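K.L.:
I'd like to ask some things about the structure below.
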Amino acid sequence: MMIAVLGALAVGLSLGILGSGGSILTVPVLVFLLDQPEKVAIAGSLAIVGTIAATGAIPNALRHQVDWLSALWFGLPGMAGTLLGAWFAHFIPGAVQLLMFAAVMLVTAWRMCCGPPSSDERKALPKARVIAAGAGVGLLSGLVGIGGGFLIVPALVLLAGLPMRLAIGTSLVVIAMNSAVGFAKYLSVLEAASLAVDWDVIGTFALVGAAGSLLGNRIGARLPQQSLRKGFAVFLVLMVVVILYETLPRV
């Protein structure tokens, strides 16, 4: 259980500092360190990351660092996309989902290295593109159990024209929305496969991760975001190598 505690702390810190990265850490920990089946880990990840994100969103909201209108424009289509993705998960083997997850991690690493645009490059784009991006992120959330913060933050900056700190706070709200819907749908996915989530692990991860998120929120305000993002990108690439090594022989 100590592994679960340390993993949960890392998830919370990542969400608190970067507004993303929670599920990128959660799914590998649940699969490779706690030996959970892929679909169980994906469902658990949605519950854990959603709870941690909701907790982390509270201090951001109190500091007025959440754009609620953008959260609705992005989050409501995302919830619909998450339901669709979770439904598709019925038909995809767990090992294939894990390979899709690795591909998403590579995209994450690339986005982390590129970073957000500078302030003079930000401008709000048509709402249709924000809605489409939200639905796309939601679809990925349902398919592979990601919260989607690594895609939501850049999208809110690029499409909605939000500054970085405001995008991070808004991202946490959207992650909580998508994750709640995805987890509810995944319960039926697991039931059809005669599987069930481990509530003890979810509770431990959510509790420790929520505390880590609040701590990460304080730390993130003092650290250079670009350096953190690049370091996290390197870590993700290493994780992809591990996932491919463990998963490819089973496909």
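The values are calculated or read from the model by the stated rules, or taken from the named source; none is laboratory data. Everything numeric here is computed off the predicted structure, so don't read it as measured data. Cβ atoms come from the backbone with ideal geometry, glycine included; neighbour counts cover every protein chain shown.
K.L.:
Take Ala53 and tell me if it is closer than 27 Å to Arg129 by Cα and either out of contact with any strand residue (DSSP E or B) (no Cβ under 7 Å at 6 or more places or on another chain) or of a type in the set (Lys, Arg) (or both).
P.N.:
Here the answer is yes, as Ala53 does meet what is asked.
K.L.:
Is there a residue being hydrophobic (A, V, I, L, M, F, W, C), out of contact with any His (no Cβ under 8 Å at 6 or more places or on another chain) and under 20 Å from Val144 (Cα atoms) anywhere in the stretch 206-215?
P.N.:
Yes, there is a match, as at least one residue in the stretch 206-215 is hydrophobic (A, V, I, L, M, F, W, C), out of contact with any His (no Cβ under 8 Å at 6 or more places or on another chain) and under 20 Å from Val144 (Cα atoms).
Per-residue answers, yes or no, for (1) surrounded by fewer than 21 Cβ atoms within 10 Å (Cβ to Cβ); (2) over 20 Å from Leu166 (Cα atoms); (3) modelled with pLDDT of 85 or more:
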| site | (1), (2), (3) |
| --- | --- |
| Met1 | yes, yes, no |
| Gly12 | no, no, no |
| Ile17 | no, no, no |
| Phe32 | yes, yes, no |
| Leu46 | no, yes, yes |
| Asn60 | no, no, yes |
| Trp68 | yes, no, yes |
| Leu76 | yes, no, yes |
| Leu83 | yes, yes, yes |
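K.L.:
Also, quick follow-up: Among the residues of the stretch 203-226, are any crowded, with 17+ Cβ neighbours inside 10 Å, charged (D, E, K, R) and at pLDDT below 85?
P.N.:
No, the stretch 203-226 contains no residue that is crowded, with 17+ Cβ neighbours inside 10 Å, charged (D, E, K, R) and at pLDDT below 85.
K.L.:
Sticking with this structure for a sec: Which of the following residues is polar (S, T, N, Q), surrounded by fewer than 24 Cβ atoms within 10 Å (Cβ to Cβ) and either within 12 Å of the chain's Cα centre (by Cα) or over 13 Å from Leu46 (Cα atoms) (or both): Ser141, Ser171, Ser179, Ser188?
P.N.:
Only one candidate passes the filter, namely Ser188.
K.L.:
Could you please let me know if Arg111 is part of a helix (DSSP H, G or I), basic (Lys, Arg) and either more than 23 Å from Asn60 (Cβ to Cβ) or modelled with pLDDT of 80 or more (or both)?
P.N.:
Criteria not met by Arg111.
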